[in-house]
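The values are calculated or read from the model by the stated rules, or taken from the named source; none is laboratory data. None of these values were measured; they are calculated from a predicted model. Cβ atoms come from the backbone with ideal geometry, glycine included; neighbour counts cover every protein chain shown.
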Amino acid sequence: MKRFAKIGLILMSVVLMILPVVFGLMLYLETRGAINDSFLESNKSKSSLRDKPVDPSLDHISVLFLGVDDSSSRREGGQKANQSRTDAMIYTTFNRDKKQIRMVSIPRDTLSYVPAVKYYDKITHAHAIDGPEGSMDSVESTLNVPVDYYARINMEAFVEVIDELGGVEFNVPFDLNEPNTEDKGRIKVKKGKHNLSGDEALAVVRSRKQDSDLERGKRQMEMIKAIIRKAQETNSINKLDDLVKIVGKNAKHNFSFKDIQNLATTYSSSKVKIESEQLVGTDSNVNGVYFFNPDLDNLVKLSNKLRKDLKLSTTKKTDFMNYLMIQAYGDLMPYVEVTKKQLQDGTADTDGNDTVEPAVEPAPEESVEQPPQEQEQQVPQQEAVPDQNVPSNDAPAQEQEQQVPQQNAPAQEAPAQNNQGFNQSAEPSPDQY
């Protein structure tokens, strides 16, 4: 591959992927041998929201990028890659006509329907329950948009790639004290601009003790931009061979070789327009366990924006699983076993008898969302990347969006769910995840 083509491919893949590790993925996948190493066959030949399979050379497509809490130390402890939670999740649409990429950051604690177990839970648990397909199905249920492809990357690749690049410059918004990649020590970083090592960069994009899950999603977007700047440096280009080896052993996906070629051809230009979005919702907890409760009206608006990118028909509120659940129970109730057909037919048991034990228990050792009143510190913006169509990071930080009031429940009062109703005012327990 010619040098200029590699550069364009690297820059494109940095923007597309959820974490900086993936900026070598597209290049790595340019050889058929590498496809065999990183391809993970999926049982889904197409999304249930599609009439037929998509072709990236002809169609507008969507990709779900997953960053998982998987590492060699955790695998040695018995955790399988498909049993890991997602630390980061970005749903992305690719519009061929506009040469546009739209990225939606989905908070890991978003209360989402998980079809594999037929109940609502944190969307981060969907991958631990049913692997990439579990995450894909849950995103489809939440946003009512098709998920055509996925790419999954683990923590070790993130750290190794940053270290191979010689670090990445980033303006850390607050003092950090987080577990390292191997969970055997602590990473401490002071507030301010630093050239971060891989472990330090991972601490920045994973931390949510100081602000919120939403703010963490913004930091992940800013880290992607920082890696774009780093990738433009000549000495970074010279490290391509080592970088693609790192990515190859730490990434899984369901792209074919032809799919990769088509994406690289269409979206490698620096003139590709990049848009970013975030979910809006309220902080809630159920029996001390924190959840991010997405606002239904915002979901409908965002869904139609994404569907327009994909050239799909407009959807309406009544098409959403969340709407049906709110109509039946008054709110989104976790761990209540129910199907969409039962909600549509009016046969769901609203007396709480279908409450089940979660397949994935909340992990007390992991960090929790802070109470809303503590979410005041803003994340400083990073400097813009020339000709990348991204906003300048030297601009004043935008004020944090106001919380969207919780969806209005129907006139029917929500039945009690074994004391699992949402408590909007109580703070999450520090021992619950």
Next item on the list: Residues being part of a loop (DSSP other than H, G, I, E, B), closer than 23 Å to ILE90 by Cα and at pLDDT 90 or above: count how many of those fall in region 169-223.
Entry: 1
Notebook entry, point to check: Which is hydroxyl-bearing (Ser, Thr, Tyr) and closer than 21 Å to VAL356 by Cα, of THR86, THR110?
Noted result: THR110
Item checked: Filtered residues of region 135-155 (kept if at pLDDT 95 or above and in contact with a His (Cβ under 6 Å, 6 or more places away or on another chain)) -> SER135
Check: Which one of LEU312, LEU299 is touching a helix residue (DSSP H, G or I) at 6+ places or on another chain (Cβ under 7 Å) and outside any strand (DSSP E or B)?
Finding: LEU299
Checklist line | Of residues in region 102-130 being among the hydrophobic types (A, V, I, L, M, F, W, C), in a loop (DSSP other than H, G, I, E, B) and at pLDDT 95 or above, the one nearest to ALA328 (Cα to Cα) | finding: VAL117
Margin query: For region 109-125, check the following and say yes or no: at least one residue is among the acidic types (Asp, Glu) and either out of contact with any Leu (no Cβ under 8 Å at 6 or more places or on another chain) or closer than 18 Å to ILE90 by Cβ (or both).
Written below: yes
Notebook entry, point to check: For region 44-67, does any single residue satisfy the condition of being modelled with pLDDT of 90 or more, hydroxyl-bearing (Ser, Thr, Tyr), part of a loop (DSSP other than H, G, I, E, B) and more than 23 Å from GLN278 (Cβ to Cβ)?
Noted result: yes
